[in-house]
Amino acid sequence: MQTNWKIGTLFGIPLFLDPLWFVILGLATLNFGVAYQEWGSAIAWSAGLIMALLLFGSVLLHELGHSLAARSQGIKVNSITLFLFGGIAAIEEESKTPGKAFQVAIAGPLVSVGLFFLLSLVAIVIPDTSPVSMMVGDLARINLVVALFNLIPGLPLDGGQVLKAALWKVTGDRFQAVHWAAKSGQILGYAAIALGFAVDFFTRELALGLWIALLGWFGLRNANTYDRVTTLQETLLKMVASDALTRDYRVVDADQTLRAFADSYLLDSAAPQVYFAASDGRYRGMVAIDDLRLVERSEWETRTLQSIVHPLTEIPTVTESTSMAEVINKLENEQLPRITVLSPAGAVAGVIDRGDIVSAVAQKLNIQFTDVEIKRIKEEGSYPPGLQLGVIAKSTVN
Ligand SMILES: [Zn+2]
């Protein structure tokens, strides 16, 4: 994904190009160039390249349709990328209602259909013997194909998004709707792969068959991703802080001097990183090791931990019943290494860091992570590439 080239900005949305997109540019130029040979080779190839670029513009306008519809609902659009199989608008979160989700899904095909009618009209007006008229007519048909292809009812296609919105409206369950629309996408993906091989087997159209199979494979992979992300979103909403908290902290006496605390814990490399100070059976607050260094050494003998603690009411906390999605969002939004979990009585129930969350979620979903991997997540304080819980939690709670 990092290899995409940024080629500009449209309505404040960064525009990226996947280098593989040039394969499409080449194929489209070839396709139209060959078709226009009657105009003489120089004009034919130039016209072919122009058509390829207009195809690019058509796909871009289609994605802009989705993007502007999302933005009108206050949803951020992170980028538009053109790649081997068309375009994709990276829309940050789901619409609030099925009706609004439908609007975002249908906006792209509507733009393409609109372009089809507009260009068809222009083609009629221009004298029909001219190359321009033929090109405009071809471009009109391309836009119709883009619209119809995208309306095939399976994720990741727009038709799948429409199906999802409809099922969401009927069942009232967005997650179930995505699962079904993804299932439809998976079936269509397998069907396209089978069709591609059949075309290769029974006809001489090897490239066409391969292309259909490749499209099917791409669709299948994306449908699987939708399914997986939705399962994760559901899981993050169902799990709560108490499912992931650990007791990887120590409670120390708030009345001891800084010197006594430093002597007993700071030299011990095996000691936990988190300390809570308590006295008279009550939590007084969290001890930040860095605060100790701000106090003059000469005062270490007289000052107590109580004087430097951060009361529980002033540090970032969640309760045991806070959803995992909210816990993750709080860690990300406030850039915290870990967060304190409070019991209903206001006592410390535990602490949670990113490693604890990955460990708990992985266990719930039967995903394998080794202790070494969890330890690394804890140290680096970032989610593993295959389980970007920060991004998923953000899209879950909006
Ligand atoms: Zn679309």
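Values quoted throughout were computed directly from the atomic coordinates according to the rules given, and no laboratory measurement underlies them. Quick caveat, the model's predicted, so the values are computed rather than measured. Backbone-built Cβ (ideal geometry, glycine too); neighbour counts: all protein chains shown.
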Set Lys330/Lys378; Lys6/Lys330; Lys6/Lys164; Lys96/Lys169 screened for pairs whose C-alpha atoms are more than 23 Å apart: Lys6/Lys330; Lys6/Lys164
What percent do you get for the relative contact order of segment 1-151 when only Cα pairs under 8 Å and 6+ apart count? 19 percent
If I take every Cα pair under 8 Å that is 6 or more residues apart in the chain, average their sequence separation and divide by the length, what percent do I get for the relative contact order? 10 percent
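Report, in deg cm²/dmol and to the nearest 500, the calculated mean residue ellipticity at 222 nm for the chain, where each DSSP H run with n ≥ 4 adds -39500 (n - 2.57) and the sum is divided by the residue count.
-18500 deg cm²/dmol
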Which helices count as membrane-span-like in the chain under these terms: full DSSP H, at least 27 Å along the axis by C-alpha, Kyte-Doolittle mean of -0.5 or more? 41-71, 98-125, 131-150, 174-202, 206-238
Taking the Cα centre of the chain as origin and charging only Cβ (+1 Lys, Arg; -1 Asp, Glu), how large is the dipole, in debye to the nearest 20? 760 debye
Would you mind finding the longest exposed-site-free stretch of the chain, with exposed GluC sites (Glu not before Pro) meaning DSSP loop and at most 11 other Cβ atoms within 10 Å? 1-295
Could you tell me which residue out of Ala181, Leu119, Ile193 lies farthest along the dipole of the chain toward its positive end? Charges go on the beta carbon: Lys and Arg +1, Asp and Glu -1, centred on the Cα centre. Leu119
Expressed to one decimal in nm², the mean projection of the alpha carbon convex hull of segment 1-151 is 9.6 nm²
Environment charge of Pro131, counting only residues whose C-beta is closer than 12 Å and scoring Lys/Arg +1, Asp/Glu -1: -3
Environment charge of Gly99, counting only residues whose C-beta is closer than 13 Å and scoring Lys/Arg +1, Asp/Glu -1: +4
Compute and list, largest first, the equivalent-ellipsoid semi-axes of the chain from the alpha carbon gyration tensor, each √(5λ) rounded to a whole angstrom. 57, 21, 19
